[in-house]
């Protein structure tokens, strides 16, 4: 697998450091009790932080102050973290490891894991609604709306419901694409959209950015399917080969590994082409698109 470019490697290191630092500052301190400790276990010290990076890189293209963009990035990452806590529960995917450490329900119990997910979701919107994220109340309201739609029944949660219903079902390529556009693509798209919102880009001016986000969302899931069948569990920091065992339809299962890899690369090329009207300010987004299919975890 190819390593991220120097520009992207630096950006990934910076976003991981800054997101962890902000979570540390904004989440309840450990001495507040077991719930606070469990929320911090879920949110701090793990993950690639792709969603905050997408948000901050998009916002930077339009001159948004990084401090404000980072707060919005922590908001969307809190929703992503809550979704992983709930996904890992025995009633869902039943996973013991996440980011190389015990899942929240393994470390703190199932009831506490449910509460951690609930707490992180509320925390996300608390951060977005705070004037420290933006002094413009209309921007704050739009950020809340974008994330709520992406996270709810018409987005991530709806996609997860389809995923559960699809176990053992024979889905075609269109159905799998629709499922993944909701389950995975919705939050990735929201990250780009929220960056544009902070940059005060009107909805009609976000068409190419939305197309970029849609394409990298599907490419990301195809790459995930490839890693699930061919990846290294130690690098992934979680259990692999579970989709096939659960009877889930995947891009790789339907298309085969070689064709799936070609499709992911085509989507990445297409995503980069959507940024054609931007110059060097979009280089992080271009590098991130390439990394999505080149990563090894």
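The values are calculated or read from the model by the stated rules, or taken from the named source; none is laboratory data. Fair warning: this is a prediction, and the values are worked out from it, not measured in the lab. Every residue, glycine among them, receives a Cβ derived from its backbone with ideal geometry; neighbour counts consider all protein chains shown.
Values for this structure:
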{"item": "The one condition in (1) surrounded by fewer than 24 Cβ atoms within 10 Å (Cβ to Cβ); (2) within 16 Å of residue 156 (Cα to Cα) that residue 76 fails to fulfil", "result": "(1)"}
{"item": "Checklist (1) without any contact (Cβ under 8 Å) to a residue 60 or more places away in the chain; (2) under 23 Å from residue 197 (Cβ atoms) applied to residue 50, failing item", "result": "(1)"}
{"item": "Selection from region 205-231 of residues that are within 15 Å of residue 276 (Cα to Cα) and either in contact with a helix residue (DSSP H, G or I) (Cβ under 7 Å, 6 or more places away or on another chain) or outside any helix (DSSP H, G or I) (or both)", "result": "206, 209, 210, 212, 213, 215"}
{"item": "Of all residues making up region 60-81, the number that are more than 19 Å from residue 9 (Cα to Cα), assigned to a helix (DSSP H, G or I) and over 11 Å from the mean Cα position of the chain (by Cα)", "result": "7"}
{"item": "Lone unmet requirement of (1) touching a helix residue (DSSP H, G or I) at 6+ places or on another chain (Cβ under 6 Å); (2) outside any helix (DSSP H, G or I) for residue 277", "result": "(1)"}
{"item": "Residue satisfying all of: in region 108-117; surrounded by 15 or more Cβ atoms within 10 Å (Cβ to Cβ) and more than 17 Å from the chain's Cα centre (by Cα); nearest to residue 43 (Cα to Cα) among these", "result": "116"}
{"item": "Residues located in region 122-145, provided they are buried (at least 18 other Cβ atoms within 10 Å of the Cβ) and under 15 Å from residue 42 (Cβ atoms)", "result": "123, 124"}
{"item": "Flag for residue 131 being in contact with a helix residue (DSSP H, G or I) (Cβ under 8 Å, 6 or more places away or on another chain) and at pLDDT 95 or above", "result": "yes"}
{"item": "Qualifying residue in region 197-204 (condition: closer than 26 Å to residue 275 by Cβ, modelled with pLDDT of 90 or more and surrounded by 23 or more Cβ atoms within 10 Å (Cβ to Cβ))", "result": "yes"}
{"item": "Positions within region 11-36 being over 19 Å from the mean Cα position of the chain (by Cα) and either part of a helix (DSSP H, G or I) or loosely packed, with under 13 Cβ neighbours inside 10 Å (or both), in sequence order", "result": "24, 25, 26, 29, 30, 31, 32, 33, 34, 35, 36"}
